[in-house]
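Shown next, in structure tokens, is the structure this report addresses.
Laboratory data are not the source of any read-out in this text; all were calculated from the coordinates shown. Just so it is clear, the structure is predicted and the values come from calculations on it, not from any experiment. Because the Cβ atoms are built from the backbone with ideal geometry, glycine has one as well, and the counts that use them run over all protein chains shown.
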2 protein chains.
Amino acid sequence: MKPRPGLLDPQGKAIHHALNSLGWDGVADVRVGKAIYIDVAAESQQAALEVADAMCRKLLANPVTEDYEVSGISELEGAGA
Amino acid sequence: MKPRPGLLDPQGKAIHHALNSLGWDGVADVRVGKAIYIDVAAESQQAALEVADAMCRKLLANPVTEDYEVSGISELEGAGA
């Protein structure tokens, strides 16, 4: 989940400034968002991704201020029920 | 970046509880971390990943409380300098 383009991101600005201070000059932009790791029991990776997408739409993401994307982590496949 | 295993994550706990309240019962665990998107000019994707890894080690990640991983986003390749 990350702030939508055009919205102010003071945390990203602060990190951008700090990186420049430490000598990294090639940085064009920094945006800070949230990463939410959900361990969910599902019959397949596809089903788990659909559940996670529904969670984002109904609870986790604010569509006015945030963009989100959902992806699977393969190491969790074996841990699911 | 996400909280290391074993460390308390009250934000994750709150989301876990909220998901259960909304009827999602198959959730085993939720952890909330940070996603930092850095647009950096580099000669190759590999070089950009190495720069990002150095940034994490020197500034962005707290190794006591957080694990981090670095990955590239292909759509940014064309946007780099």
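The conditions are (1) at the interface with chain A (Cβ under 7 Å from one of its Cβ atoms); (2) charged (D, E, K, R); (3) out of contact with any helix residue (DSSP H, G or I) (no Cβ under 9 Å at 6 or more places or on another chain), and B:Arg4 fails exactly one of them. Which is it?
(1)
Looking only at segment B:10-21, which residues are in contact with a helix residue (DSSP H, G or I) (Cβ under 9 Å, 6 or more places away or on another chain) and more than 13 Å from A:Ala52 (Cα to Cα)?
From segment B:10-21, those in contact with a helix residue (DSSP H, G or I) (Cβ under 9 Å, 6 or more places away or on another chain) are B:15, B:18-19; that's our starting set.
Scanning segment B:10-21 gives a single hit, B:Ala18.
Since A:Leu60 meets every condition but one in (1) farther than 24 Å from B:Val40 by Cα; (2) loosely packed, with under 13 Cβ neighbours inside 10 Å; (3) not β-branched (Val, Ile, Thr), which condition does it not meet?
A:Leu60 satisfies all of (1) farther than 24 Å from B:Val40 by Cα; (2) loosely packed, with under 13 Cβ neighbours inside 10 Å; (3) not β-branched (Val, Ile, Thr) except (2).
Identify all residues within segment B:15-47 that are in contact (Cβ under 8 Å) with a residue 24 or more places away in the chain and within 9 Å of chain A (Cβ to nearest Cβ); write none if there are none. Steps first, please.
Filtering segment B:15-47 for residues in contact (Cβ under 8 Å) with a residue 24 or more places away in the chain gives B:31-37, B:39-42, B:45.
Listed by number, the residues that qualify are B:Arg31, B:Val32, B:Gly33, B:Lys34, B:Ala35, B:Ile36, B:Tyr37, B:Asp39, B:Val40, B:Ala41, B:Ala42.
Only one residue in A:Val64, A:Val32, A:Val51 is of a type in the set (A, V, I, L, M) and in a loop (DSSP other than H, G, I, E, B), so which one is that?
On the way: A:Val32 fails: in a loop (DSSP other than H, G, I, E, B); A:Val51 fails: in a loop (DSSP other than H, G, I, E, B).
On inspection, the qualifying residue turns out to be A:Val64.
Just to be sure, is B:Gln11 facing chain A (nearest Cβ under 10 Å), among the polar types (S, T, N, Q) and assigned to a helix (DSSP H, G or I)? Quick ask: steps written out before the conclusion?
Numbers: facing chain A (nearest Cβ under 10 Å): yes; among the polar types (S, T, N, Q): yes; assigned to a helix (DSSP H, G or I): yes.
Judged against the criteria, B:Gln11 is a match.
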